[in-house]
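Enquirer: What follows is a single structure, and I will ask about it in a moment.
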Amino acid sequence: MTDAVAKSFGYQLDFLTHYLGANYNWESPESGFARYIFYRADSKPPFSVATDAAINSLEPRRLHQAPVLAAVGYELACGRVFGESFLSAWANGLTRLASREAFPSDRASFFYRPVELLGISLGVSSCPKVRPEDLRWLQDVLAEGEQRLVHGELWTFILGIYAAKILSVSWKLKNLPLPEEMTIDELALVKLICPFHSYLAQVVGFRVLESEIDKALLSSCITASVSVHDTSHAAVLYLSLQKTVNQVFLASWEHYFQVGNSIKQPVKLIRFLCDRFHLVAGQLQPPHYGIEINDEYDVQDLLNSLSQLHSDTDAVVAKVIDAMRQKLGNQIINNQKIMITGGNVTMSNNQNYVETMSERKININQSGASIGVGYSEKVEASQLGGTINNYPSEQKQTLAEAAAEIQQLLQQLEQTYPTNTTTGQMVVATKVIERIESDQIWKQRVVNAVKEGGLQAFEKAIDNPVGAFIVGAIKGWQEAEIE
């Protein structure tokens, strides 16, 4: 495997998936944090979460340990229901923790371990058995601790702000570094955690910086292989990278591939972004042409060049299509006096028959020397020199039926194409989108069903990791239809 391919987004996400699956341990606060952010992001984690029986079997004395307190705190925040005795044992463990020094000189306490601090804060806000004095103690710790973390790492400070806000303690945000100065972990954390809470997004100025953060995150992941040291960092990077890549795909679909304005398919952009970049980069670098690609600035320059070339090609294709339409617009088709002029269709042989497209929505399709008419009433025409197909103007389909139909296709494709990797999921998504787009009646049924039920409900109904890519294409079809 070449270094360029190893740095692809699909490879990065696959690596993180395997890392999380192999290293998840519910008793660690890092894994608890991973479970929590997947829960908040409403995304299925790539690991099996602990069962109720496994957690309830925990010895009560273990709850005197800050890491275990934090791990259970994350489970509480994810809606896990425990019995009265277990909740009381957790509250007793917090009381014991409150008797210890929160700011020791060697910094060996839960406060200086941000994932533990956040897990315990979430547990306090979720456990009904917590004593009021213990709640006030933790609030005081957070208020006093602000100045102790203000000069520390951004990762630690962001999680500290989040923990403080959960317990109604306000911190002032320190000056953020520029996105290009942040580490991959810091970029991913800001990208992921800010949307969880409007206060965080506001104080960080996330809405203003989001596009720059996305650009820096993607550039960093392309120019350097992913390296993680625990499940908390792996989960943050996985979700942030997945979200950013999906957003870029969707934005690119909307920009370049509007139905009716381009002959290209949305799935070709996925291949362009994921495959062509690395092929071009590998060809430009030594020993071929000797052009070095060493950092994010080189990556940005190359991406901009490829994007410009792609845009110019689309412009040429659009002009050719427009010229062809103008040339054929007033010609008689098939020598049968069928004339297309703007919005009107005139069909005449022994009689005149004129309809306005906007009034009757008659669609003429001359492929295969046939005329397919989407019209619900009887069409009378003699000797037109083609076949008239009378289709129903609208075949209604519920969201559940549309999702079931796609699920059936997915099951067929998964027998040939594995989907245990992100790259494999993209391949299957490409096949599904191509299949739907090749059948305009099916495509319209899907679009109509999603109009009624909504994109999010449709993705959940599909219940497949490939669903996110399919929904992105459907959204592009919907918006193109509106235009």
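The values are calculated or read from the model by the stated rules, or taken from the named source; none is laboratory data. Since the model is a prediction, treat every value here as computed from it, not as a measurement. Don't worry about glycine lacking a Cβ; one is built from the backbone with ideal geometry, like all the others, and counts go over all protein chains shown. For the accessible areas, the whole protein counts, side chains as well, though only heavy atoms, and no ligand, DNA or RNA atoms are used. Shrake-Rupley method; radii C 1.70, N 1.55, O 1.52, S 1.80 Å.
Enquirer: Out of everything in region 125-155 that is surrounded by fewer than 18 Cβ atoms within 10 Å (Cβ to Cβ) and under 18 Å from Val236 (Cβ atoms), what residue ends up being farthest from the chain's Cα centre (by Cα)?
Expert: My answer is Gly152.
Enquirer: Here is a further query. Residues in region 435-476 that are aromatic (Phe, Trp, Tyr) and open to solvent by less than 10 Å² (accessible area, probe 1.4 Å): how many?
Expert: Within region 435-476, residues that are aromatic (Phe, Trp, Tyr) and open to solvent by less than 10 Å² (accessible area, probe 1.4 Å) number 1.
Enquirer: Got at least one residue in region 151-167 being in contact with a His (Cβ under 8 Å, 6 or more places away or on another chain) and more than 25 Å from Lys243 (Cα to Cα)?
Expert: No, that holds for no residue.
Enquirer: From the list Arg113, Arg100, which one is among the charged types (D, E, K, R), out of contact with any strand residue (DSSP E or B) (no Cβ under 7 Å at 6 or more places or on another chain) and free of Cβ contacts under 8 Å to residues at least 12 places away in the same chain?
Expert: Unique residue meeting the criteria: Arg100.
Enquirer: Can I ask one more? Kindly evaluate Val432 against the criterion of being open to solvent by less than 40 Å² (accessible area, probe 1.4 Å), farther than 21 Å from Ser43 by Cβ, among the aliphatic types (A, V, I, L, M) and modelled with pLDDT of 85 or more.
Expert: no
Enquirer: Ok, one more. So for region 411-427 (the condition being over 15 Å from the mean Cα position of the chain (by Cα), surrounded by 19 or more Cβ atoms within 10 Å (Cβ to Cβ) and either modelled with pLDDT under 85 or not hydrophobic (A, V, I, L, M, F, W, C) (or both)), does at least one residue qualify?
Expert: Yes - at least one qualifying residue is present in region 411-427.
Enquirer: Taking only pairs six or more apart or across chains, which ones have beta-carbon atoms under 7 Å, a first residue in region 35-57 that is closer than 14 Å to Tyr74 by Cα, and a second residue that is assigned to a helix (DSSP H, G or I) and among the small types (Gly, Ala, Ser)?
Expert: As it stands, the answer is Tyr36/Ala77; Ile37/Ala235; Phe38/Ala235, since those pairs meet every condition given.
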